[in-house]
Each structure stands twice: as C-alpha cells, then as structure tokens.
Amino acid sequence: MNVFTIEINPCDIKLLETNARYMKHEEFNRLVDNVRRDGKLTSTPFLCKDKDGRWLCLSGNHRTRAAIEVGLETITCLATDDELSEEQQIAIQLSHNAIAGQDDPATLKALYEKILDTSLKKYSGLDDKTLDLLDKFSSISISEANLQFQTLSMVFLPNELEAARKVIDEAKDRAKSSHDIWFARMEDYDAWLDAQETVSSAHNVKNVATAVEIILKIFERNVTQLAEAWEDTTDDKRWVPIETIIGRTKIPAENAKVIKKALDKMIGAGKISSNNLYEGLAMLCADYIEKK
C-alpha cells in the first residue's frame with residue numbers, strides 16, 4: 001500500500017457515516033482539551049480517497065472532530081491514494097480501532113459481516129468466535145454510540161404536534177421541581193426492549209419511534225386499568241390521575257358545554273373554587289348516586 005503524509009484542513013476531511021468506535025461525552029471533551037493544549041494532533045488520522053474524490057477518514061474520526069472543535073487550520077494525516085474496496089476500507093477501520101474509545105457491539109458486528117474476504121477478516125483483528133458474544137444484540141441497539149455528535153430531529157404530523165408539546169412541557173416542569181433520582185432495574189430495561197421488539201415484529205415496522213408510538217397507544221387504551229392501584233386505598237387524601245377513570249379521551253363540545261355550565265354555576269354559588277373543579281364533578285356524581 002502506498003502511504004504518505006499530507007497537511008490538510010480537518011474541515012475538508014470526510015468522516016465515517018458508520019463508525020463502530022465511539023467515545024463517551026466526557027472522553028471526547030478530554031480529547032478536545034488535550035488537542036487545545038498541544039495545539040496539534042499528537043497521533044495521525046489515516047485517510048483514503050473516497051469514491052467522490054474527497055479524503056475519507058478511516059481511523060482518527062474523533063481526533064479529526066476534536067481538531068475541528070478546537071479550530072485547527074491544518075492537521076498532519078497519513079494517507080493512501082490506492083483504490084480501496086468497501087471491504088478493504090472496513091478492514092482497515094476495524095484494525096485501527098484498538099487505539100482508543102469503545103466499540104458499539106451491534107455496529108461493530110454489522111461492519112464485520114460486510115467483509116467477505118477471509119484475509120481481510122483476519123486483517124481486521126476480529127474473528128467470528130469473538131463476535132459470537134454479540135448474538136444477543138438484535139435489530140434494536142440502544143447505546144451511547146456517537147450520540148454526543150448527532151442532532152436529533154423529531155417530526156410530528158400537525159395533529160400530533162400539540163400533544164407532543166404538552167408532553168415535553170410537562171416533562172420540563174417535572175424536571176424543574178423534582179429532587180428525586182430514580183433508578184430502573186436492568187430487568188425492566190430489558191423488558192422494555194423486549195416489548196419494543198415485539199411490537200416492531202407484530203406490526204412489521206423498523207422505525208423505533210413508530211414502535212414507541214404503538215406502545216403508547218396500547219397504554220392509552222388500557223390506562224383505566226391503573227385505577228386498580230388506588231381503588232382500595234385507605235388514603236383518601238391521595239391524588240390520582242383522572243385519566244385512570246375516564247381514560248385519555250376527548251368529549252363532544254355539547255357535553256363539554258353542559259359540564260362547564262354546571263361547574264360555573266357551582267363556582268358562582270360558592271360551592272367550589274375555580275382551582276378545584278374536580279370537587280364539582282365529585283359532588284354531581286355523589287348526587288346522582290344518592291338519587292339512585
């Protein structure tokens with residue numbers, strides 16, 4: 001292989017779209033601090049010519065990102081202008097990944113399986129026996145891989161946008177007022193992934209967001225079953241979500257007008273306050289029970 005050094009602006013380097021090597025956010029921040037202190041990269045990324053003619057970074061993606069973050073105008077890289085197949089590129093990428101960082105198992109296995117040439121598999125430094133340990137990883141992989149470098153965009157249809165905003169606003173409010181730290185058991189995490197995969201398979205969907213949406217819809221259809229958690233309680237001062245009684249539902253405008261008119265009348269008569277409208281509903285229901 002013809003290998004030489006080049007000086008290049010890191011912003012002109014094409015980074016890998018699929019990289020099995022990742023760094024946690026704290027690790028990357030330390031790398032950025034080191035590059036800023038040194039004023040240069042102390043180890044060289046390795047580049048090759050991509051199909052579009054640009055220099056592609058086969059190893060040293062995080063160092064290149066750090067150089068961009070710091071604002072270095074040029075960095076020194078090792079490079080080859082040999083024409084490399086996709087298999088050869090992947091083999092080189094995996095063989096260099098022992099330098100730093102950690103592997104995202106699902107991505108690592110997916111990349112390794114693209115290599116068909118036995119000699120290139122050996123060159124990568126991995127083997128099928130080692131990767132047998134990754135069989136437990138299915139199509140759904142939730143890890144820290146590259147999350148700190150990606151922008152998350154969520155697209156909602158017009159009829160979903162209002163509901164999504166309410167959920168996000170409620171989450172913000174709860175986070176501001178919360179002083180508790182909650183931990184979930186690993187079994188619960190695994191159960192969530194199992195439920196997600198079951199839904200994905202049943203509906204034949206690949207998109208994780210779609211699977212989550214289906215799970216939430218199933219929950220909403222059965223939310224009234226949560227009433228079992230408080231129906232037999234002896235603590236009558238306890239607060240419970242009203243949706244566990246009536247479900248997450250909308251009501252026709254004509255019914256809403258009747259309820260509002262009755263509550264407004266009760267407020268005017270001083271029987272309830274505008275801050276406790278639920279008391280009015282409870283009084284109306286109690287009157288109905290007594291009449292029966």
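Summary of values
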read-out: Carbon + sulfur, % of accessible area of the stretch 1-73 - ligands and nucleic acids excluded, 1.4 Å; value: 43
read-out: Count of Lys pairs (Cα-Cα under 15 Å; at least 8 positions apart or interchain) in the stretch 181-292; value: 5
read-out: Electrostatic dipole magnitude of the stretch 1-75 [Cβ: Lys, Arg +1; Asp, Glu -1; Cα centre; debye, to 20]; value: 140
read-out: Peptides ranked, highest mean first, by Cβ atoms within 10 Å: ranges 58-68, 24-34, 254-264; value: 58-68, 24-34, 254-264
read-out: Label-point separation in nm, TYR288 to GLU113, each point 7 Å along Cα→Cβ; value: 5.6
read-out: For the stretch 1-65: Kirkwood Rh in Å [reciprocal of mean 1/r, alpha carbons]; value: 12.9
read-out: Radius, Kirkwood style, for the stretch 189-267 when every pair of distinct Cα atoms is counted (Å); value: 15.8
read-out: Peptides 221-229, 202-210, 155-163, 6-14 ordered by average Cβ neighbours within 10 Å, highest first; value: 6-14, 221-229, 202-210, 155-163
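The values are calculated or read from the model by the stated rules, or taken from the named source; none is laboratory data. Note that the structure is a prediction, hence the values are computed from the model and not measured. We place every Cβ from the backbone using ideal geometry, glycine too, and count neighbours over all the protein chains shown. Surface accessibility is based on the protein's heavy atoms, side chains included, excluding ligands, DNA and RNA. Shrake-Rupley method; radii C 1.70, N 1.55, O 1.52, S 1.80 Å.
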